[in-house]
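A short write-up of the structure that comes next.
The values are calculated or read from the model by the stated rules, or taken from the named source; none is laboratory data. Source: prediction; values computed, not measured. Note that each Cβ is placed from the backbone with ideal geometry, even for glycine, and that neighbours are counted across all protein chains shown. Quick note on the areas: whole protein, heavy atoms, side chains included, nothing else; ligands and nucleic acids left out. Shrake-Rupley method; radii C 1.70, N 1.55, O 1.52, S 1.80 Å.
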Amino acid sequence: MSAARGSLALRGVRKSYHGTEILRGIDLDVAPGEVVCLIGPSGGGKSTLLRCINQLESLDGGVVAVDGELIGYTAHGGHLTEASDRETSRVRRNLGMVFQQFNLFGHLTAVQNVAIGPVKVLGRRKADAERRARELLASVGLAEHAGKYPSQLSGGQQQRVAIARALAMEPAILLFDEPTSALDPELVGEVLTVMKALAAGGTTMVVVTHEMGFAREVADTVVFMEGGVVVEQGPPAQLFGALRSPRTAAFLRRSGGEAHEAEADEAHGGEAREPEAAAS
Amino acid sequence: MTSTQLLTDPPGTAAGGGDPLARLAALPLRSRSRILSRWVPAVVVGALVAAIGWAFVSAPAMNWPVVAQYLFSPRILAGVATTLLFTVLTFALGLLLGIVLEVMRQSGNPVLRVIVDGYIWLFRGTPLLVQLVFWFNLALIFPVIGVRIPALGLTIGGSTNELVTPFLAALIGLVLHTAAYMAEVVRGGFLAVPPGQTDAAKAIGMTSLEAQRLIVIPQAVRVILPPLGNQFIDILKATAIVSVIGGGDLMTIAQQIYGQNYQVIAMLVVASLWYLALVTLATIGQHFLERGLDRSRRRVLKAEAAR
């Protein structure tokens with residue numbers, strides 16, 4: 001099994017909480033450079049799937065492979081064994097993650113947040129790592145905020161620092177867990193702009209999002225999840241077009257993802273999640 | 001005054017015309033007299049406190065010359081040193097044991113967890129005074145303690161009464177009691193760090209241990225520090241209780257002295273002055289320690305205030 005850097009493969013991924021099955025056997029392939037958007041109703045298992053991909057949650061079944069290498073488990077003599085913490089964290093370095101609640105380290109400045117991974121995990125020299133961190137912060141438009149603490153930054157700024165922190169580890173794949181859901185509407189755009197630039201730059205991305213405009217514009221593949229299974233997946237033209245399955249169509253109507261088609265529908269009154277913010 | 005009266009022209013401003021509210025807004029603001037609300041209570045309560053204070057200070061039993069004579073006497077100073085030794089040892093060992101207890105509780109091992117919960121239930125559920133007297137009388141349960149290694153025919157140990165001196169019994173009691181509280185303080189600090197911090201640390205490739213060491217503990221320490229300072233001061237005062245088993249601390253010495261010279265009040269004043277001085281010093285130390293370790297947060301607050 002060999003592939004170009006940045007490929008991801010899931011086979012039969014299962015996860016239960018307290019007897020409830022959240023993921024009921026997910027298969028997914030992501031090619032290097034591909035942008036995959038996971039959409040679907042809350043509780044459909046999208047965020048759990050993302051956390052299972054980088055083993056923040058252990059799997060109850062199935063495997064996840066990053067560039068052909070299993071994460072969280074090793075195959076040995078006909079069975080899977082749980083990998084050591086050190087081994088899992090080594091594979092996990094290839095997977096950057098951006099969280100809904102940013103999760104910036106509160107006791108560190110923006111530049112320290114970005115540099116701590118390279119210094120402590122990759123063993124880079126502190127001066128080099130901080131120089132690189134400043135470059136990354138500049139690339140997300142935060143050059144002048146490098147010395148600030150997270151509590152001094154707006155939500156949108158914090159999320160951009162979080163993206164820079166993930167990029168500093170030079171991951172092959174970036175995972176985004178509803179990166180704009182905790183932001184005030186006027187701050188959504190600045191984060192989406194950074195994400196679009198990353199997508200255009202050829203980074204492999206798996207994005208859980210409610211921003212249908214972003215999904216339609218940027219995704220190579222849109223995956224619709226509901227009830228712990230992949231209902232439908234395909235290019236945006238398929239899922240947002242006429243070929244989609246009835247369940248996908250029902251979800252998109254509810255989420256207000258397609259204003260121009262919804263006018264004929266009684267579901268028109270459903271709350272819109274400002275799909276225009278991304279399209280502007 | 002009705003609203004219509006309010007809005008009529010005050011004398012001398014007849015030339016104003018136009019908006020009557022705007023003219024009112026231009027009037028100078030004068031604060032209300034505070035004689036009744038501030039000065040009267042200050043004088044009454046102040047006089048009362050001064051009278052009671054003077055009644056105590058001027059009482060013959062105070063015997064200030066005796067206070068002055070003993071305040072820096074070698075025996076009292078030795079007692080102060082023992083009190084400080086008790087405080088520092090109890091704080092350090094209690095914190096260490098408290099951290100061990102909390103790590104055991106967080107380990108996910110149900111047996112260890114139940115043991116820790118039982119420990120905290122037992123040592124928080126019984127008075128420190130009872131615990132101290134219990135350890136002091138350990139010999140009644142185990143007259144002899146030690147380890148016997150039959151293979152070598154060797155016995156290490158001896159009489160409990162000789163091994164467990166009043167000092168050691170007092171220290172054991174203080175440490176075991178304090179550890180139960182320290183475990184709770186440590187727990188509070190770790191609970192205050194959101195789980196997302198660990199997620200984010202792992203997501204950039206840190207192991208669980210690195211995430212704890214580099215991300216969680218530094219933030220938990222900031223939360224724990226103020227209650228730890230309070231624990232130190234509480235322990236400092238609580239050490240006085242070891243006098244009931246003759247622990248040799250400041251209070252023990254003060255009692256021994258007034259047992260001989262009957263200057264009960266004077267010796268209690270000596271002890272109180274020392275406790276006050278030590279607690280004041282500890283409070284000042286706590287202030288500087290918190291400021292030092294919390295510099296980042298203060299910078300943040302300052303920056304926010306400047307906005």
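Points to keep in mind about this one:
- Projected label distance in nm at B:Arg148 and A:Leu122, using a 7 Å step from Cα toward the beta-carbon: 6.4
- The value obtained for chain A, namely the Cα convex hull volume divided by the number of residues, is 145 Å³ per residue.
- Carbon/sulfur fraction of accessible area - chain B, other protein chains in place, 1.4 Å, %: 70
- Mean shadow area of region A:97-181 over all directions, Cα convex hull, nm²: 5.0
- Per-selection metrics, region B:12-105 (Cα): Rg and Dmax in Å: 31.2, 85
- Nonlocal Lys pairs with alpha-carbon distance under 21 Å, the protein assembly as shown (8 or more apart, or different chains): 9
- Accessible area per residue for the protein assembly as shown is 52 Å², calculated with a 1.4 Å probe on protein heavy atoms, without ligands, DNA or RNA.
- For region B:259-265, putting each phi into the Karplus relation 6.51 cos²θ - 1.76 cosθ + 1.60 with θ = phi - 60° gives couplings of x, 9, 9, 6, 8, 4, 5 Hz, in residue order, rounded to whole numbers and with x for Gly and Pro.
- Sulfur and carbon atoms: percent of accessible area, chain A [1.4 Å]: 49
- Under 5 Å from the amide H of A:Asp60 lie the amide H atoms of A:Arg14, A:Lys15, A:Ser16, each residue being 5 or more positions distant or on a separate chain, with H modelled from the backbone and absent for Pro and chain starts.
- Accessible-area ranking of A:Tyr17, B:Tyr275, largest first, probe 1.4 Å: A:Tyr17, B:Tyr275
- Computed over chain A, relative contact order equals 23 percent, with contacts defined as Cα pairs under 8 Å that lie 6+ residues apart.
- Centre-to-centre, using Cα atoms only, region A:177-191 and region B:214-231 are separated by 32 Å.
- Largest accessible area first, the residues B:Phe232, A:Phe102 order themselves as B:Phe232, A:Phe102 under a 1.4 Å probe with ligands, DNA and RNA left out.
- The charge dipole of chain B, taken about its Cα centre with unit charges on the Cβ of Lys, Arg, Asp and Glu (plus for the first two, minus for the last two), comes to roughly 740 debye.
- In Å², nearest 10: area of B:Glu162 left accessible to a 1.4 Å probe: 150
- Check: chain A dipole with +1 on Lys, Arg Cβ and -1 on Asp, Glu Cβ, in debye: 1220
- Hydrodynamic analysis of the protein assembly as shown uses the Kirkwood radius over alpha carbon pairs. Inserted into Stokes-Einstein at 25 °C and 0.890 mPa s, it gives a translational diffusion coefficient of 81 µm²/s.
- Minimum 40 Å² accessible area buried by the other protein chains, region B:198-215 residues, probe 1.4 Å, relative to alone: B:Asp199, B:Ala200, B:Lys202, B:Ala203, B:Ile204, B:Gly205, B:Met206, B:Thr207, B:Leu214, B:Ile215
- Alpha carbon Rg of region A:131-224, scaled by the compact-globule rule 2.2 N^0.38 Å: 1.06
- Descending semi-axes in whole angstrom, ellipsoid equivalent of region A:156-196, from the Cα gyration tensor: 19, 10, 9
- Placing unit charges on the Cβ atoms of the charged side chains and taking the dipole of chain A about its Cα centre, the candidate lying farthest along the positive direction among A:Ser7, A:Gly189, A:Ala250 is A:Ser7.
- The stretch between B:Leu96 and B:Thr280, if pulled fully straight at 0.36 nm per residue, gains 63.7 nm over its current Cα-Cα span.
- Kirkwood hydrodynamic radius of chain B, from inverse mean 1/r over distinct Cα pairs, in Å: 25.4
- Relative contact order [Cα under 8 Å, 6+ residues apart], chain B, whole percent: 23
- The share of alpha-carbon pairs in region B:89-238 lying farther apart than 20 Å comes to 60%.
- If you bin all the Cα-Cα distances of region B:157-299 at 5 Å, starting from zero, the percentages per bin are 2, 8, 13, 13, 14, 13, 11, 9, 7, 5, 3, 2, 1, 0.
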